[in-house]
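Novice: Got a structure for you, questions after.
The values are calculated or read from the model by the stated rules, or taken from the named source; none is laboratory data. Keep in mind it's a predicted model, so treat the numbers as computed, not measured. Cβ placement follows ideal geometry from the backbone for every residue including glycine, while neighbour counts extend to all protein chains displayed. Just the protein is used for accessible areas: all its heavy atoms, side chains included, with ligands, DNA and RNA removed. Shrake-Rupley method; radii C 1.70, N 1.55, O 1.52, S 1.80 Å.
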Amino acid sequence: MTVSDPVVESVVATISRSATEITQGLIGRRGAVDEENPSGETQMEADVWADELLGERLAAIDGVGQYASEERPEAIDCGEDPDSSDAYAVAVDPLDGSSNLKSNNAMGTIFGVYDAALPAPGEDLIAAGYVLYGPITTMVIATEETVSEYEMTGGERRLIERDVTLPDEPVVYGFGGRVPDWPADFESYAREIENELKLRYGGAMIADVNQVLTYGGVFAYPSLESSPEGKLRLQFEGNPIGYIVERAGGRSSNGDESLLSVEPDALHDRTPVHVGNADLIDRLEETLE
Ligand SMILES: O=P(O)(O)OC[C@H]1O[C@](O)(COP(=O)(O)O)[C@@H](O)[C@@H]1O
Ligand SMILES: [Mg+2]
Ligand SMILES: [Mg+2]
């Protein structure tokens, strides 16, 4: 199955081709570099390497006007005028969950294609997706039309499910942040949910959200007492994942409204992230003051 917009198809094809290379390239790049990303986090060698690899390839695509990533301070202009109506901006989290590199656990690559110059609200996304580097490498792509899941073999993607939707009966939950750092209202929501669902938390948003997409449930990286904006970044993580889950019939929220409605102030803005089955996110919003 191909994606109908040719620029989006080129972005998806480029990330597909790069996925095998990225898993192979993690070997020998599991250490930290002596640098911080714009969010103040220590970068791993693989974060920097995957950003350079994807940046070079995605910026070369005709119709891509901007490339931005969690690992670099500014968006780079790629030849096309990013404000023009026929150029898209691609925002990437080159390696999501890279603290899992050391313990050899799952990670991902996230992308969002915005029909607007960055920073932009999620309502300007026209496609988003992720690669999950698990025991096998899979890819989920959401467009205006549908959400599809693929298995990746040697740079080729093989469709395994069309029209992916969240199962109606939720089964799993995963909440990030230290429990003593949760605000009281989120903690009371968590206490209800842990009585109903099974815990699945692996420390890579992509892997944890893929559990929710597969089994139904809720993933959250909430507002924290020590960090009211939470941890995850709106442009690179919150918006793409909100778009995917909403296209798959679920809901996303910053605690108050859909992640896709949030107006960004800056490229590296953080946001509380809650995604999952619609009724679970409705309940969350009712519980949060
Ligand atoms: O270590 P914590 O606090 O549980 O945080 C885990 C969260 O941080 C992240 O690793 C942040 O993403 P990056 O690895 O891209 O910085 C998410 O994937 C994950 O949900
Ligand atoms: Mg991430
Ligand atoms: Mg990352």
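Novice: Based on what the data block shows, is Ala91 more than 16 Å from ligand 3 (Cβ to nearest atom) and touching a residue at least 24 places away in the same chain (Cβ under 8 Å)? I'd like the intermediate steps shown before the answer.
Specialist: Values: more than 16 Å from ligand 3 (Cβ to nearest atom): no; touching a residue at least 24 places away in the same chain (Cβ under 8 Å): yes.
Against the criterion (more than 16 Å from ligand 3 (Cβ to nearest atom) and touching a residue at least 24 places away in the same chain (Cβ under 8 Å)), Ala91 does not qualify.
Novice: Arg200: touching a helix residue (DSSP H, G or I) at 6+ places or on another chain (Cβ under 6 Å) and of a type in the set (D, E, K, R), yes or no?
Specialist: Details: touching a helix residue (DSSP H, G or I) at 6+ places or on another chain (Cβ under 6 Å): yes; of a type in the set (D, E, K, R): yes.
For Arg200, the condition - touching a helix residue (DSSP H, G or I) at 6+ places or on another chain (Cβ under 6 Å) and of a type in the set (D, E, K, R) - is met.
Novice: Right, Glu229: surrounded by fewer than 18 Cβ atoms within 10 Å (Cβ to Cβ), within 26 Å of Leu101 (Cα to Cα), within 16 Å of ligand 1 (Cβ to nearest atom) and under 17 Å from the mean Cα position of the chain (by Cα) or not? Write out each step before concluding.
Specialist: Values: surrounded by fewer than 18 Cβ atoms within 10 Å (Cβ to Cβ): yes; within 26 Å of Leu101 (Cα to Cα): yes; within 16 Å of ligand 1 (Cβ to nearest atom): yes; under 17 Å from the mean Cα position of the chain (by Cα): yes.
When the stated conditions are applied, Glu229 passes them.
Novice: Being within 16 Å of ligand 3 (Cβ to nearest atom), of a type in the set (Phe, Trp, Tyr), touching a Pro at 6+ places or on another chain (Cβ under 9 Å) and within 26 Å of Pro121 (Cβ to Cβ) narrows it down to one residue among Tyr221, Tyr189; which is it?
Specialist: Details: Tyr189 fails: within 16 Å of ligand 3 (Cβ to nearest atom).
It is Tyr221.
Novice: Let me spell it out: the conditions are (1) under 21 Å from the mean Cα position of the chain (by Cα); (2) more than 16 Å from ligand 3 (Cβ to nearest atom); (3) of a type in the set (S, T, N, Q); (4) open to solvent by less than 60 Å² (accessible area, probe 1.4 Å), and Asn104 meets all of them except one. Which number is the exception?
Specialist: For Asn104, the failing item is (4).
Novice: Quick check on segment 24-39. Is at least one of its residues free of Cβ contacts under 8 Å to residues at least 12 places away in the same chain and polar (S, T, N, Q)?
Specialist: yes
Novice: Let me ask something else. One residue is enough: does segment 240-261 have a residue meeting the conditions in contact with an Asp or Glu (Cβ under 6 Å, 6 or more places away or on another chain) and under 24 Å from Ile76 (Cβ atoms)?
Specialist: No, segment 240-261 has no match at all.
Novice: Now, a different point. For residues that are crowded, with 24+ Cβ neighbours inside 10 Å and closer than 22 Å to Ser253 by Cβ, tally how many sit in segment 112-129. Steps first, answer last, please.
Specialist: Within segment 112-129, the subset crowded, with 24+ Cβ neighbours inside 10 Å is 112-114, 122, 125, 127-129.
Narrowing the set further to residues that are closer than 22 Å to Ser253 by Cβ leaves 112, 114, 122, 125, 127-129.
Number satisfying all stated conditions: 7.
Novice: To continue, here is another question. Looking only at segment 42-68, how many residues end up being of a type in the set (Asp, Glu) and touching a residue at least 12 places away in the same chain (Cβ under 8 Å)? Spell out the reasoning first.
Specialist: Our first condition is that a residue be of a type in the set (Asp, Glu); within segment 42-68, this holds for 45, 47, 51-52, 56, 62.
The next check asks that each one be touching a residue at least 12 places away in the same chain (Cβ under 8 Å); those that pass are 45, 47, 51, 62.
Final tally of qualifying residues: 4.
Novice: Residues of segment 77-129 being within 16 Å of ligand 2 (Cβ to nearest atom) and among the aromatic types (Phe, Trp, Tyr), which ones?
Specialist: Hit for segment 77-129 is Phe111, nothing else.
Novice: At least 3 residues that are within 16 Å of ligand 1 (Cβ to nearest atom) in each: list the strands (runs of 3 or more DSSP E) lying fully within segment 73-179 that qualify.
Specialist: Values: elements: 88-96, 107-114, 125-133, 137-143, 147-153, 156-161, 172-175.
Once the strands (runs of 3 or more DSSP E) in segment 73-179 are filtered for at least 3 residues that are within 16 Å of ligand 1 (Cβ to nearest atom), what remains is 88-96, 107-114, 125-133, 172-175.
Novice: Take Gln66 and tell me if it is modelled with pLDDT under 95, open to solvent by less than 30 Å² (accessible area, probe 1.4 Å) and of a type in the set (S, T, N, Q). Give the derivation first.
Specialist: Working: modelled with pLDDT under 95: no; open to solvent by less than 30 Å² (accessible area, probe 1.4 Å): yes; of a type in the set (S, T, N, Q): yes.
Criteria not met by Gln66.
Novice: Another question, if that's okay. Considering only segment 214-226, state which residues are buried (at least 24 other Cβ atoms within 10 Å of the Cβ) and not polar (S, T, N, Q).
Specialist: To start, the set of residues in segment 214-226 that are buried (at least 24 other Cβ atoms within 10 Å of the Cβ) comprises 217-220, 222-223.
Gly217, Val218, Phe219, Ala220, Pro222, listed by residue number.
Novice: Also, quick follow-up: Assess whether Asp265 counts as being open to solvent by 20 Å² or more (accessible area, probe 1.4 Å) and either more than 22 Å from Glu71 (Cα to Cα) or within 16 Å of ligand 2 (Cβ to nearest atom) (or both). Can you show your working first?
Specialist: Numbers: open to solvent by 20 Å² or more (accessible area, probe 1.4 Å): yes; either more than 22 Å from Glu71 (Cα to Cα) or within 16 Å of ligand 2 (Cβ to nearest atom) (or both): no.
No: the conditions fail for Asp265.
Novice: Still on this model: State which residue is most open to solvent (accessible area, probe 1.4 Å) when the search covers only segment 7-38 and only residues that are under 21 Å from Asp77 (Cα atoms) and at pLDDT below 95.
Specialist: Going through the qualifying residues, I end up with Pro38.
Novice: Those residues that are open to solvent by less than 20 Å² (accessible area, probe 1.4 Å) and over 14 Å from Ile193 (Cα atoms), I need them from segment 268-286; list them, please. It would help to see each step written out before you state the result.
Specialist: Quick first cut of segment 268-286, residues open to solvent by less than 20 Å² (accessible area, probe 1.4 Å) only: 271-277, 280-281, 284.
Residues satisfying the conditions are Thr271, Pro272, Val273.
Novice: Could you check how many residues of segment 69-88 are touching a residue at least 40 places away in the same chain (Cβ under 8 Å) and surrounded by 21 or more Cβ atoms within 10 Å (Cβ to Cβ)?
Specialist: Number satisfying all stated conditions: 3.
Novice: Also, quick follow-up: Out of (1) within 9 Å of ligand 1 (Cβ to nearest atom); (2) open to solvent by 30 Å² or more (accessible area, probe 1.4 Å); (3) without any contact (Cβ under 8 Å) to a residue 40 or more places away in the chain, what's the single condition that is false for Asp208?
Specialist: Just one mismatch for Asp208, condition (2).
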